[in-house]
Amino acid sequence: MEYYIRKDVPFELHEVNILDADEQDLESISRESGIGLSKGEMKMVKKYFKDLGRNPTDLELEAIGQAWSEHCCYKSSKCILKDTVFDIDAPQNIYVIEEDAGVVEFDDDHAYVVALESHNHPSAIEPYGGAATGIGGIVRDVVCMGAQPLAFVDPLFFGPLDLPESDIPQGTKHPRYLFDGVVKGIRDYGNRLGIPTLAGMVYFDHSYTSNCLVNVGCVGIAKKDELIRSRVKESGDVFIMAGGRTGRDGIHGVTFASDELHEESEEEDIGAVQLGDPITKEPLIHVSLELNRAGLLQGMKDFGGGGLSCVAGEMSLAAGYGAEIQLDKVPLKEEDMAPWEIWVSESQERMMYAVKPENVDEVLRRCEKWDVEATVIGRVIEEPNIKVYFDNIMIMNLDLEFQTGGPSYCRPVEIIDKTKNITEKEPEEPDNHNKILLEMLSRNNINSKEWVIRQYDHEVRANTVLKPLQGVIGKEGPGDAAVIKPLEHSFKGIAITTDVNPRMVYLHPYKGAMATLDESIRNLVAVGAMPHSFADCLNFGNPEKPKRLGDFEQTAKGLEKIARHLNISFVSGNVSFYNETKQGSIKPTPSILACGLIEDVREAVTMDIKGIGNTLYLIGKTKDEMGGSEYYEMMDAESPRVPEVKIELLSSSIEDMLSAHSNKLTKSCHDISSGGIAVAISEMCIAGDIGAEITIEDEIRGDKYLFSESNTRWLVEVDEENEEEFEKCFSVPVRKIGKTGGKRLIIDYNSKKLIDVSIESLRDKWKNSLGNKMG
């Protein structure tokens, strides 16, 4: 059977014969066209066109394929999300979930804007371009709300750097190559755009070997009266396409991202990776914000997943209208592109403006002033259909509700508690705790990420108050959160952090998700910020497998549990499914971008020890909860006890810690996470270049106490004279554990000296390990 019938028009256009197609034919059409629709979905499409009494054009079928992809319509996740993380209404919310980015109140006159996305599959094939265009896409999400971008973040996940070549699956690039390329892509795009990359994380695990994860986020600031929506306002609005030209790069990007990677992915799907151009992007940002401030735009939306196929329809339908598009007016990189290629291309650096007819000339004039190419390509119509013309011939006419709505599945879930099948397998208690601590500090999930951080310009725009590395110049340690000052006339700031512990989420998705959010909150509170909003990038395997979706559901419920109790919303986010190959799935990875507000950035607290003779306090309780810990991973041990979060304790701890901060009683503060107390105090000593002598009495085994990753804990440095006042701030467990001073870290536990190491030895292992591996 011949599926594609050439139309008698002076350009390349085909009718797709789905009305005569049986189920096998429908599957063949979907597979051969690359639209990625299932047999059931193709039958839905066939019924729609049967009711119309005609076959679709190739353009129409491609449009549906893009809009119905997992990446665009969240067909496997929205059934779960709407009852969990979507359903939290906080008073600071302005626009939440419904737009390209979340919009949250900053002060009476301003809002901050948050977006977090994934660019996983493109980065696995072409790490430099995939990561760069991830940054390019996330910044557009913030700009199209009318916000000035302030900062980028980049949670990254790779296989082990020292993996032997013989262990690399066919069709997979080595983690070192991927890591190096991704960092360079983010570096070159962000630095050239002049926006700081100032928070993130890097995590290494075997599960990411054949499917790395590249999550990118952006935070911006806008005046409330300059906020704009990603939608049109009225019939007759004119569509203006501005920025880069349209080419064959990025075709089928969303359908590629909605399937598993395989050995032939690079050969088959390299065209789905977009090509970034930050030099074109910068003036596009400037002119977009200028046009919005001047009141010349009705709406604005970036060209993201699905390209023009999605942007025109989504902008129109959001306001209850339809659109007419003159596709032959779109500026092209290549003149021989077929209409369907133009329609679904995800070429970068493009924005769509909705403009009143009387403002079109002024918009075009200002774009020309900025040397940004801009073209009128269509208009808004009353009828809620998308109509596309090429050389004045209609080549597409679809009901927008049908095209953009997409299917929704409540797929079967299977909940597996992996911890029930784990028997505690303790390591032998070490004879040399010094050696263990130094080895822990050198591990890639703990050691310094200076090799990454120094490649990024994290101070451009001069808004960065707390940087990723903090402490004595040349001897800095890892900050808990970055802090930016977004407004010239105000000292109010935004604290930003990104966090996740995939190993804990893998063992127990519910507890692991709660632990992830607890860590995000601890990082914000450590610098003196009140937690204010969350964004999530939920990276999982194939949702058609019940166990994968069970992990997803439990993770969403864990995130919701804490957020709802604290009444803090997930204001924006992304779901990335199909992070899976024949080697298996990635570990469940719910990356969190958390923002907090600090009333005066001058009072922000860093993690480096500040002086000699000060008192060190432990806030919170350390427990025998070693499941998912870095120490047990290093020792090849196992435990079913994943650290739990006591929500009431967390809530009280936030209040108590911020009370101590506001009373200016904290000299330094550091949250306790990967590596436990021993690693946290080592990092404080490294950053301040001052030692500490710790004395602790407790019931659990010494190595477990040192390296447990129990939640809701901080280390705090306090002036000796403020001890009493500091202790009065706390209703939660607080204990004095030592003093600062000297050039060594000494830890006595139950009257036995477990640790006695010089700061230089600690610094050498922590600071140089990753850089030495990358060369």
| Here is a list of conditions, (1) among the acidic types (Asp, Glu); (2) under 35 Å from the mean Cα position of the chain (by Cα); (3) part of a loop (DSSP other than H, G, I, E, B), and ASP698 meets all of them except one; can you say which number that is? | (2)
| field | Filter result for LEU566 (under 16 Å from VAL642 (Cβ atoms), at pLDDT 95 or above and either buried (at least 24 other Cβ atoms within 10 Å of the Cβ) or not small (Gly, Ala, Ser) (or both)) | value | no
| query | crowded, with 22+ Cβ neighbours inside 10 Å and within 17 Å of ASP58 (Cα to Cα) - does that describe any residue in region 362-375? | reply | no
| message | Within region 569-585, take every residue that is open to solvent by less than 10 Å² (accessible area, probe 1.4 Å) and in a loop (DSSP other than H, G, I, E, B) and give me the one that is nearest to VAL104 (Cα to Cα). | response | SER569
| message | Among the residues in region 747-757, are any of a type outside the set (Gly, Ala, Ser) and at positive phi? | response | yes
| field | Pick from region 491-514, criterion among the charged types (D, E, K, R) and more than 16 Å from LYS420 (Cβ to Cβ), ranking: surrounded by the most Cβ atoms within 10 Å (Cβ to Cβ) | value | ASP499
| request: State whether one or more residues within region 439-447 are among the basic types (Lys, Arg) and part of a loop (DSSP other than H, G, I, E, B). | output: yes
| query | If you check every pair at least six apart or on different chains, which have Cβ atoms under 6 Å apart with a residue in region 466-481 that is of a type in the set (D, E, K, R) first and a residue that is assigned to a loop (DSSP other than H, G, I, E, B) second? | reply | LYS467/HIS458; LYS475/ASP689; ASP480/VAL527; ASP480/MET607
| said: Return the residues of region 91-112 that are over 21 Å from LEU81 (Cα atoms) and either at pLDDT below 95 or aliphatic (A, V, I, L, M) (or both); say none if nothing qualifies. | reply: ALA111
| said: Taking the criterion of being over 29 Å from SER207 (Cα atoms) and among the β-branched types (Val, Ile, Thr), would at least one residue in region 119-133 satisfy it? | reply: no
| field | Test result for GLN455, at pLDDT 95 or above, touching a Gly at 6+ places or on another chain (Cβ under 9 Å) and of a type in the set (S, T, N, Q) | value | no
| said: Show me the strands (runs of 3 or more DSSP E) entirely contained within region 1-111 in which 1 or more residues are among the β-branched types (Val, Ile, Thr) and surrounded by fewer than 19 Cβ atoms within 10 Å (Cβ to Cβ). | reply: 4-6, 93-95
| Do we find that VAL182 is more than 30 Å from GLU599 (Cα to Cα) and either touching a Cys at 6+ places or on another chain (Cβ under 8 Å) or aliphatic (A, V, I, L, M) (or both) in this structure? | yes
| If we keep just the residues of region 682-726 that are over 21 Å from LEU762 (Cβ atoms) and without any contact (Cβ under 8 Å) to a residue 60 or more places away in the chain, which is most open to solvent (accessible area, probe 1.4 Å)? | GLU699
| request: Please indicate, with yes or no, whether at least one residue in region 376-397 is under 20 Å from LEU297 (Cα atoms), in a strand (DSSP E or B) and open to solvent by 40 Å² or more (accessible area, probe 1.4 Å). | output: yes
| query | Looking only at region 187-224, which residues are surrounded by 24 or more Cβ atoms within 10 Å (Cβ to Cβ) and outside any strand (DSSP E or B)? | reply | TYR189, GLY190, ILE195, PRO196, TYR208, THR209, SER210, ASN211, CYS212
| Which one of these is within 24 Å of GLU346 (Cα to Cα), more than 13 Å from the chain's Cα centre (by Cα) and of a type outside the set (Gly, Ala, Ser): VAL153, VAL182? | VAL182
| query | Would a scan of region 745-763 turn up a residue that is assigned to a helix (DSSP H, G or I), more than 21 Å from ASN432 (Cβ to Cβ) and in contact (Cβ under 8 Å) with a residue 12 or more places away in the chain? | reply | no
| request: Return yes or no: is SER442 hydroxyl-bearing (Ser, Thr, Tyr), open to solvent by 20 Å² or more (accessible area, probe 1.4 Å) and within 22 Å of PRO149 (Cα to Cα)? | output: no
| request: May I ask you to list the residues in region 647-681 that are under 21 Å from ASP480 (Cβ atoms), over 26 Å from the mean Cα position of the chain (by Cα) and surrounded by fewer than 22 Cβ atoms within 10 Å (Cβ to Cβ)? | output: LEU649, SER652, GLU655, ASP656, LEU658, SER659, SER662, ASN663, LYS664, LEU665, LYS667
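Okay, residues lined up against (1) under 19 Å from the mean Cα position of the chain (by Cα); (2) open to solvent by 10 Å² or more (accessible area, probe 1.4 Å):
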position	(1), (2)
THR516	yes, no
VAL525	no, no
HIS532	yes, yes
LEU538	yes, no
GLU544	no, yes
LEU549	no, no
GLU553	yes, yes
ALA556	yes, no
LYS561	no, yes
| message | If I ask for residues that are open to solvent by 10 Å² or more (accessible area, probe 1.4 Å) and closer than 19 Å to GLY738 by Cα, which ones from region 621-632 would you list? | response | LYS621
| request: Please identify the pairs in which a residue from region 569-583 that is acidic (Asp, Glu) has its Cβ atom under 6 Å from the Cβ atom of a residue that is in a loop (DSSP other than H, G, I, E, B), counting only partners at least 6 apart or on another chain. | output: GLU580/GLU260; GLU580/GLY541; GLU580/ASN542
| Filter result for the condition that a residue is out of contact with any helix residue (DSSP H, G or I) (no Cβ under 6 Å at 6 or more places or on another chain) and without any contact (Cβ under 8 Å) to a residue 40 or more places away in the chain, over ASP431, ASP417 | ASP431
| What is the residue count in region 141-186 for residues that are modelled with pLDDT of 95 or more and part of a helix (DSSP H, G or I)? | 15
| request: Look at GLU268 and say whether it is at pLDDT below 95, surrounded by fewer than 22 Cβ atoms within 10 Å (Cβ to Cβ) and part of a loop (DSSP other than H, G, I, E, B). | output: no
| Regarding ARG365, is this residue modelled with pLDDT of 95 or more, more than 30 Å from GLY34 (Cβ to Cβ) and in a strand (DSSP E or B)? | no
| message | Could you go through region 630-649 and let me know if any residue there is assigned to a loop (DSSP other than H, G, I, E, B) and in contact with a Leu (Cβ under 7 Å, 6 or more places away or on another chain). | response | yes
| If HIS670 passes every condition in (1) in contact with a helix residue (DSSP H, G or I) (Cβ under 8 Å, 6 or more places away or on another chain); (2) assigned to a strand (DSSP E or B); (3) farther than 20 Å from PRO468 by Cβ but one, which one does it miss? | (3)
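The values are calculated or read from the model by the stated rules, or taken from the named source; none is laboratory data. Because the structure is predicted, anything quoted here is derived from the model rather than measured. Every residue, glycine among them, receives a Cβ derived from its backbone with ideal geometry; neighbour counts consider all protein chains shown. Note: accessible area is taken over every heavy atom of the protein model, side chains too, but ligands, DNA and RNA are not part of it. Shrake-Rupley method; radii C 1.70, N 1.55, O 1.52, S 1.80 Å.
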